[in-house]
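Here is the structure we will look at, set down as structure tokens.
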Amino acid sequence: MYVSLLPIYKKVPWKSIVLHPIIHPRFKFTCWLAAWQRFATADRLLKVGVQVPLECSFCNNAMETVEHLFSDCSVTKAFWTRSLIWLGYSRRIGDWKNELQWVNTQVKGTSGKRPLVSCVFATLVAVIWRERNKIRFEQGQLHVDKLGREISYHLHVRAQGRPSWKAALTLIDGVPSSRADIVHLNVKVVIE
């Protein structure tokens, strides 16, 4: 009886990412905001009448939207591509919805490096948003190698106590950043 009273909602394609138990709650929330496209990006702020610079904080080439920030921006796309290569995947980055769907299918798998993808993806989304805010509001700089080390460190810390991840972690080494992969445009990129 009780179940019949519950409303039926359509399933979202990113549910498994946000509900994955290994992802840090802070990163889950950030991913949830990104999936719903509820970040206070320039396009959304403009709609409510807040005047802000419209250019992307990383590339300065297009209006800042969630779609641009996480899939079209050359700087963040290069970093996501490098992270995928680091995990052993070679694929072309699609639009934001396709990336969410692809990561969601990876989350459902339990073999190999597939479970690591969701953790790296959620961490990457949170790190990109945090660095965007630092650049926009604190005149910060993008430290590519530092971000790569942070993602690698977070992945290894979250994997502690997960025997199924140990084999997958041995297949990856180093950090997901490379001097050759990051596009240098009008943003201050610091490579240490």
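The values are calculated or read from the model by the stated rules, or taken from the named source; none is laboratory data. Please read all numbers here as calculations on a predicted model, not as lab measurements. Neighbour counts are summed over all protein chains in view; Cβ atoms, including those assigned to glycine, are modelled from backbone coordinates with ideal geometry.
Restricting TRP165, TRP80 to those that are of a type in the set (Phe, Trp, Tyr), at pLDDT below 85 and under 25 Å from VAL18 (Cα atoms) reduces the list to TRP165.
Among the conditions (1) surrounded by fewer than 15 Cβ atoms within 10 Å (Cβ to Cβ); (2) assigned to a helix (DSSP H, G or I); (3) basic (Lys, Arg), ARG92 misses just one, which is (2).
Count of region 170-186 residues, restricted to those that are under 19 Å from the mean Cα position of the chain (by Cα) and either hydrophobic (A, V, I, L, M, F, W, C) or at pLDDT 75 or above (or both), is 4.
Report whether or not ASP72 is modelled with pLDDT of 90 or more and out of contact with any helix residue (DSSP H, G or I) (no Cβ under 6 Å at 6 or more places or on another chain). Yes.
Looking only at region 67-80, decide whether some residue is within 23 Å of ALA159 (Cβ to Cβ) and surrounded by 19 or more Cβ atoms within 10 Å (Cβ to Cβ). For region 67-80, residues within 23 Å of ALA159 (Cβ to Cβ) and surrounded by 19 or more Cβ atoms within 10 Å (Cβ to Cβ): present. Applying the condition of being in contact (Cβ under 8 Å) with a residue 40 or more places away in the chain and hydrophobic (A, V, I, L, M, F, W, C) to region 1-17 and asking which residue is surrounded by the fewest Cβ atoms within 10 Å (Cβ to Cβ) yields TRP14. Taken together, ARG130, ARG162 contain a single residue that is surrounded by fewer than 16 Cβ atoms within 10 Å (Cβ to Cβ) and under 28 Å from ARG44 (Cα atoms), which is ARG130.
Within region 22-63, the residues that satisfy the criterion of being of a type in the set (Phe, Trp, Tyr) and either outside any helix (DSSP H, G or I) or farther than 30 Å from LYS113 by Cα (or both) are TRP36, PHE39, PHE58. Restricting region 18-55 to residues that are loosely packed, with under 15 Cβ neighbours inside 10 Å and of a type in the set (Lys, Arg), the residue that is nearest to GLY161 (Cα to Cα) is ARG26. Of the residues making up region 96-110, one or more are within 13 Å of the chain's Cα centre (by Cα), part of a helix (DSSP H, G or I), of a type in the set (Phe, Trp, Tyr) and surrounded by fewer than 21 Cβ atoms within 10 Å (Cβ to Cβ).
Among the numbered conditions (1) touching a Lys or Arg at 6+ places or on another chain (Cβ under 8 Å); (2) surrounded by 15 or more Cβ atoms within 10 Å (Cβ to Cβ), the only one that ALA62 does not meet is (1).
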